[in-house]
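Participant: After the structure tokens below, expect a handful of questions from me.
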Amino acid sequence: MTQTTALSADALAHLRDTRTLPVISVVAINLAVVLSKWATRRRTRLALGQLTQQQLNDVGLTPHVAYTESRRVFWRA
């Protein structure tokens, strides 16, 4: 069972008007998001380069397209 608490209008206005995180925290979070995206791209592109012809057919890619995508650097979307 969950419990909810109703906030007054003053409390909501205070939350809206205050910064919730210091700037360095926001920068660190944004950096973590970018690094996570890069790691995911690297991992998936490496895996794409190892797919068999049957697996490429299953996902609808030609070997040329798969090769081209797997050779892209991780920082390029």
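Each value in this text was obtained by applying a stated rule to the coordinates, not by laboratory testing. Keep in mind that what you see is a predicted model, and the values were worked out from it rather than measured. Note that we place each Cβ from the backbone using ideal geometry, even for glycine, and neighbour counts take in every protein chain shown.
Participant: With +1 on the Cβ of every Lys and Arg and -1 on the Cβ of every Asp and Glu, and nothing else charged, how large is the dipole of the chain about its Cα centre, in debye rounded to the nearest 20?
Facilitator: Here the size comes out at about 440 debye.
Participant: Right, something else. Mean projection of the alpha-carbon convex hull of segment 11-77 over all orientations, in nm²?
Facilitator: Hull-based average projected area comes out at 7.0 nm².
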